[in-house]
Amino acid sequence: MKFSFALYTLIIVTVNSFAQKPRLDTQVLNKWPYLYAPSISNDGKYASYTIGKQPTANHTLVVQSTSGSWKKEYVNASEGLFTPDNKRFIYASKDTLFSVKLGSDTAIYLATIKSYKRPQRKKDAWLAYLLKNPQNELILVNLLSGEEKHYFAVADYFFDDTGKVLLLKSTNDETSSFNTNLKWVALQGNNEHIIWSSKSLPYNYRFDSKGSQLTFMTTETIDGRSTNSIWYYKNGNDKATIYANDRSTSIGSELSICSDPPEFSANGRYIFFNLQPVVETYTPKQNRVNVDIWSTEDLQLQSTQLLDPNVLNKYTAVINIDNNQIRQLENDDERILTHPYQLTGDFIVIEDKHSSDKFWLNKYRSYYYVSLKNGSKKLLKKGRLLSFSFSPKGNYLIYYDTNQHHYFSYNITNNQTTNISKGISTKLDNEYSDTPIFEGPVGVAGWITSDTSLLVYDNYDVWRLSPTKKRAPLNITNGYGQRNHIKLRLVYEEDTLEIASGDQSLLLTAFNTITKDNGFYVTSLAKQGTPKLLTTGPWMLYHSSSQLPRGLSQEMRPLKASNATCWLVQRQSATDAPNYYMTTNFKSFRALTALQPQKKYNWLTAELITWKQPNGKVSQGILYKPEDFTPDKQYPIIFNYYEKVSHSLHQYLQPGFTEGSINIPWFVSRGYLVFTPDINYTIGKPGASALKSVVSAAKYLVKFPWVNGSRMGIQGHSWGGYETNYIICHTNLFAAAASAAGLSDFVSGYGSLLLGSGESAQFLYETHQNRMAATLWQRPELYIDNSPIFKGNAVTTPLLIMHNKADAIVPWNQSVEFFTALRRLNKKAWMLQYDKSGHTVTGQNAADYTIRLTQFFDHYLKGVPAPMWMTKGVPASRKGDVMAFELDTTDF
């Protein structure tokens with residue numbers, strides 16, 4: 001007997017109709033609403049945000065009072081902006097610009113437009129919009145005074161970030177000798193004039209941080225060669241002038257200026273840009289053999305060179321604005337470590353790092369201090385240095401020495417180097433680092449005004465250091481984080497070079513590594529003391545990136561009103577969708593939104609599970625149960641893993657199709673338990689580490705009567721796919737396994753190429769995620785022991801593989817090797833390969849994979865008949881025609 005998957009779904013829905021809430025189905029996944037793009041007025045009395053997929057396939061802009069009931073909704077409108085005087089809200093709906101008086105019911109038509117823009121700073125009063133008319137008229141309006149200015153033939157326009165300047169790109173009449181003009185419009189005063197005119201097209205506009213300087217680029221064809229030029233203008237000058245082009249004497253004939261945007265240094269004294277080798281074009285001669293000649297002396301493998309001959313060969317150069325002097329700063333053996341936005345003085349740091357992919361040559365490096373004024377070069381230190389930071393006034397350079405595990409300060413004036421973290425007894429290295437390559441310290445939070453001190457983190461607390469070491473390191477959070485297992489970080493770190501004045505209070509985000517609770521504290525910058533608790537609880541508010549293992553979400557940083565002591569925050573939990581709240585003190589919160597789409601469906605609960613591995617190591621993971629869970633019933637369970645994920649206990653999981661790792665809400669809603677254990681790694685034994693973590697978790701959970709120990713499955717994607725392949729080669733505990741884009745052979749994988757870059761994969765094995773810490777020839781037994789392919793004969797678990805030919809991360813042949821091995825060994829296995837998909841699947845391919853993955857687990861973990869694609873297969877000739885979702889009930 002055969003029947004369609006549509007009928008199979010209908011039966012499930014019919015059964016669900018007797019339950020209190022329905023399960024998630026494919027129809028709802030594409031219309032699940034969510035919030036984004038929040039904004040707040042300067043006085044904090046109004047907020048705006050957008051609801052995605054509401055109504056279905058559309059979005060809705062919402063503007064509302066933060067303390068009252070006034071609210072307006074506009075379908076498919078743009079994000080909009082509040083005027084600086086807090087009286088109006090301006091938004092666009094399609095090509096129409098509207099103005100709403102806040103608190104009123106009327107939206108006033110302003111204009112039919114092509115676009116509109118305002119300066120980045122919300123305090124700025126200016127708005128510009130380009131009318132949709134033949135004259136290409138632009139209107140510049142002051143939102144406070146109502147003053148208007150009109151400009152014509154405008155092709156594009158740009159504000160600087162400070163709101164001081166509007167740059168207009170306009171076109172003359174076709175009969176004019178010049179085709180394009182750039183006009184500088186000072187928004188304060190009446191200073192406006194054309195600073196540039198040419199037949200060329202300008203692009204890559206960049207202002208300095210003060211809005212007083214501009215750089216941009218043009219491209220011309222000279223002597224049959226495309227030539228890039230960098231132009232410079234300073235407020236007060238008459239015209240922009242060329243500061244560099246491919247014919248500049250300081251740029252060698254073998255190099256040309258890249259089309260990458262030039263950038264000003266933070267202090268506005270220098271312009272940085274990129275150079276690249278000139279690529280000779282030629283016509284292949286007839287009757288010549290096309291051969292790729294590989295050489296061990298090549299800086300890059302032929303596979304990388306063939307993808308793009310320019311992509312990796314770029315060298316930074318700099319223009320000294322004062323004297324228009326150009327210097328090339330990088331070459332094949334030297335790379336800059338301090339970027340333009342970090343530069344507050346006249347120096348940079350470079351390292352003598354080999355520019356090829358021969359990573360093994362870069363273990364021992366030299367670091368140099370280079371003057372941008374005269375090019376002088378001084379050795380700073382040898383070894384491996386990280387976390388470079390120039391002080392706001394440019395007096396000090398801070399760096400972290402990975403050999404000594406301390407921060408050092410280099411005094412630029414007297415050339416003295418000082419260990420400024422000596423005396424700190426806690427660990428400054430990031431404890432989340434678990435790969436052979438050291439990932440660095442937790443990090444620098446920022447500087448205090450006037451170069452007096454800086455703030456750095458250990459793993460739990462905040463320290464104040466003196467760049468001169470005149471004062472001993474001060475733990476301003478008094479060890480509170482360490483004692484209570486709470487990682488404390490500044491909420492507003494790294495916004496600017498100077499984060500605070502010396503007597504300021506600091507808002508901290510807090511993450512409890514034991515309970516996974518999240519909240520806020522406040523502490524004094526001036527003295528040591530216990531931070532004051534504001535709020536904390538079983539939810540997710542905001543995390544700094546260093547509070548969580550890599551790859552986990554930070555969520556939304558609190559959004560402060562510019563002229564009021566109030567903030568817009570986002571809060572979520574596993575059972576509550578992300579919603580917006582207002583607070584004036586981070587103690588009490590007023591809900592602005594109540595988006596809870598999950599309440600209509602059989603959702604999930606999340607529970608933190610703690611257990612011990614056989615070696616005594618304490619492990620944690622998240623157990624997801626259906627909302628209608630009852631302990632007197634047995635449930636099938638799927639284990640899903642990657643590295644460490646328990647920190648996301650309170651994260652709201654968006655339902656959707658499975659694109660790589662299983663979509664947890666989908667499977668839990670359909671009656672599965674899902675457990676996500678942390679993997680605790682031992683260097684050189686990644687496979688065994690995953691095996692111990694997952695198997696010990698399974699053996700712990702199977703003791704509960706509501707876990708069906710005979711119907712346990714595992715699933716992982718990418719690195720998790722590898723872990724799945726390894727686990728089923730070393731245990732028969734699981735009834736079904738699904739691996740997506742996973743490795744199977746460390747030996748062949750070590751010598752393979754990454755499709756996306758053409759690079760060798762060796763660095764991934766020796767120093768990164770694969771955690772071998774040795775070459776194949778140094779420890780061949782480790783590579784063999786960690787390769788599932790060599791243990792394929794031990795597999796007893798049915799396996800569903802998904803891997804695509806276009807995967808640029810994990811070579812497709814890794815799964816082909818494993819599948820053909822299992823086929824040769826007469827094991828149960830299936831492999832799905834989706835055209836037009838890479839490392840993951842999206843769209844219709846994801847919908848298809850979700851159906852097949854669900855059918856696979858339903859068969860082995862629920863006893864549902866297998867679909868025809870599993871029992872009969874699909875001939876290649878019927879690909880894209882026969883889906884074979886029908887269930888084969890021959891043996892039922």
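The values are calculated or read from the model by the stated rules, or taken from the named source; none is laboratory data. Treat the numbers as computed from the prediction; the structure is a model and nothing was measured. Every residue, glycine among them, receives a Cβ derived from its backbone with ideal geometry; neighbour counts consider all protein chains shown.
Of all residue pairs spaced 6 or more apart or on separate chains, those with beta-carbon atoms under 7 Å, a first member in the range 668-680 that is over 9 Å from Lys625 (Cβ atoms) and of a type in the set (Val, Ile, Thr) and a second member that is outside any strand (DSSP E or B) and modelled with pLDDT of 95 or more are Thr676/Tyr641; Ile679/Tyr641; Ile679/Ser689; Ile679/Ala690; Ile679/Ser693.
Within the range 699-718, the residues that satisfy the criterion of being buried (at least 21 other Cβ atoms within 10 Å of the Cβ) and out of contact with any Phe, Trp or Tyr (no Cβ under 6 Å at 6 or more places or on another chain) are Leu701, Gln715, His717, Ser718.
Within the range 352-382, the residues that satisfy the criterion of being part of a strand (DSSP E or B) and either out of contact with any Ser or Thr (no Cβ under 7 Å at 6 or more places or on another chain) or more than 29 Å from Thr296 (Cα to Cα) (or both) are Arg365, Ser366, Tyr367, Tyr368, Tyr369, Val370, Ser371, Lys377, Lys378, Leu379, Leu380, Lys381. Being of a type outside the set (Gly, Ala, Ser) and closer than 30 Å to Thr162 by Cα is a property that Gln325 has.
Okay, residues lined up against (1) out of contact with any Cys (no Cβ under 6 Å at 6 or more places or on another chain); (2) within 30 Å of Trp360 (Cβ to Cβ); (3) of a type in the set (Gly, Ala, Ser); (4) in a strand (DSSP E or B):
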| site | (1), (2), (3), (4) |
| --- | --- |
| Thr227 | yes, no, no, yes |
| Ser256 | yes, no, yes, yes |
| Tyr282 | yes, no, no, no |
| Arg288 | yes, no, no, no |
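Tell me, which residue of the range 871-890 that is out of contact with any helix residue (DSSP H, G or I) (no Cβ under 7 Å at 6 or more places or on another chain) and in contact (Cβ under 8 Å) with a residue 12 or more places away in the chain is farthest from Asn30 (Cα to Cα)? By that ranking, first place goes to Thr890. Among the residues here, Ser303 does not qualify as part of a loop (DSSP other than H, G, I, E, B) and touching a residue at least 12 places away in the same chain (Cβ under 8 Å). Per the listing Ala737, Ala741, the residue uniquely touching a Ser or Thr at 6+ places or on another chain (Cβ under 7 Å) and on the phi > 0 side of the Ramachandran plot is Ala741.
Yes or no: the range 384-397 includes at least one residue that is free of Cβ contacts under 8 Å to residues at least 40 places away in the same chain, of a type in the set (Ser, Thr, Tyr) and in a strand (DSSP E or B). No - not one qualifying residue is present in the range 384-397. Pull up the range 438-463, narrow it to residues that are touching a residue at least 60 places away in the same chain (Cβ under 8 Å) and not in a strand (DSSP E or B), then point me to the one that is surrounded by the fewest Cβ atoms within 10 Å (Cβ to Cβ). In this case the residue turns out to be Asp451. Cβ-Cβ distances below 8 Å connect the following pairs, each with a first residue in the range 218-241 that is closer than 15 Å to Lys199 by Cα and among the acidic types (Asp, Glu), a second residue that is modelled with pLDDT of 95 or more and surrounded by 14 or more Cβ atoms within 10 Å (Cβ to Cβ), and a separation of six or more residues or different chains: Glu220/Ser229.
State whether one or more residues within the range 137-147 are of a type outside the set (Lys, Arg), more than 30 Å from Lys560 (Cβ to Cβ), more than 36 Å from the chain's Cα centre (by Cα) and at pLDDT below 95. No, the conditions are met nowhere in the range 137-147.
Quick check on my filter: what residues within the range 330-355 are surrounded by 18 or more Cβ atoms within 10 Å (Cβ to Cβ) and either over 29 Å from the mean Cα position of the chain (by Cα) or small (Gly, Ala, Ser) (or both)? Selection gives Gly345, Phe347, Ser355. Selection of the range 730-757 for residues being aliphatic (A, V, I, L, M), at pLDDT 95 or above, part of a loop (DSSP other than H, G, I, E, B) and under 16 Å from Ser815 (Cα atoms) yields Ala741, Leu743.
Can you pull out the residues in the range 572-594 that are surrounded by fewer than 16 Cβ atoms within 10 Å (Cβ to Cβ) and assigned to a loop (DSSP other than H, G, I, E, B)?
The initial filter retains those residues of the range 572-594 that are surrounded by fewer than 16 Cβ atoms within 10 Å (Cβ to Cβ), namely 584-585, 587-588, 590-591, 594.
Result: Thr584, Asn585, Lys587, Ser588, Ala594.
Screening the candidates Gln598, Gln572, Gln651 for the property of being closer than 26 Å to Leu490 by Cβ, modelled with pLDDT of 95 or more, out of contact with any His (no Cβ under 9 Å at 6 or more places or on another chain) and not small (Gly, Ala, Ser) yields one hit, Gln651.
For the range 798-892, please list each of the helices (runs of 4 or more DSSP H) lying entirely inside it that holds at least 1 residues being hydroxyl-bearing (Ser, Thr, Tyr), at pLDDT 95 or above and under 29 Å from Glu759 (Cα atoms). Break it down stepwise before answering.
On the way: elements: 813-824, 843-862, 868-871.
The qualifying helices (runs of 4 or more DSSP H) are 813-824.
With the condition kept exactly as written, say whether any residue in the range 613-636 is surrounded by 22 or more Cβ atoms within 10 Å (Cβ to Cβ), β-branched (Val, Ile, Thr), under 16 Å from Ala698 (Cα atoms) and in contact (Cβ under 8 Å) with a residue 60 or more places away in the chain. No, that holds for no residue. Restricting attention to the range 38-66 and to residues that are out of contact with any His (no Cβ under 9 Å at 6 or more places or on another chain), farther than 17 Å from Asp105 by Cα and of a type in the set (Gly, Ala, Ser), the residue that is surrounded by the most Cβ atoms within 10 Å (Cβ to Cβ) turns out to be Ser41. Given the condition over 19 Å from Trp539 (Cα atoms), within 27 Å of the chain's Cα centre (by Cα) and part of a loop (DSSP other than H, G, I, E, B), answer yes or no: does some residue in the range 623-642 qualify? The answer is yes, given that some residue of the range 623-642 is over 19 Å from Trp539 (Cα atoms), within 27 Å of the chain's Cα centre (by Cα) and part of a loop (DSSP other than H, G, I, E, B).
Give the residue, chosen from Lys358, Lys381, Lys377, that is out of contact with any Lys or Arg (no Cβ under 7 Å at 6 or more places or on another chain), within 24 Å of Gly252 (Cβ to Cβ), without any contact (Cβ under 8 Å) to a residue 60 or more places away in the chain and not polar (S, T, N, Q). Selected residue: Lys377, the only one of Lys358, Lys381, Lys377 that is out of contact with any Lys or Arg (no Cβ under 7 Å at 6 or more places or on another chain), within 24 Å of Gly252 (Cβ to Cβ), without any contact (Cβ under 8 Å) to a residue 60 or more places away in the chain and not polar (S, T, N, Q).
Looking across the range 393-410, just one residue is within 27 Å of the chain's Cα centre (by Cα), crowded, with 21+ Cβ neighbours inside 10 Å and not aromatic (Phe, Trp, Tyr), and that is Ile398. Annotation: of all residues in the range 87-136 being within 22 Å of Thr60 (Cα to Cα) and among the small types (Gly, Ala, Ser), the one that is modelled with the lowest pLDDT is Ala107. When you check Ala866 against the structure, is it surrounded by fewer than 17 Cβ atoms within 10 Å (Cβ to Cβ), more than 30 Å from Ser760 (Cβ to Cβ) and not hydroxyl-bearing (Ser, Thr, Tyr), yes or no? No: the conditions fail for Ala866. Among the residues making up the range 190-210, those that are farther than 15 Å from Thr227 by Cβ, of a type in the set (Ser, Thr, Tyr) and either more than 33 Å from the chain's Cα centre (by Cα) or outside any loop (DSSP other than H, G, I, E, B) (or both) are Ser197, Tyr205. Taken as a whole, the structure places Thr610 among residues that are assigned to a strand (DSSP E or B), surrounded by fewer than 24 Cβ atoms within 10 Å (Cβ to Cβ), more than 21 Å from the chain's Cα centre (by Cα) and of a type in the set (Val, Ile, Thr).
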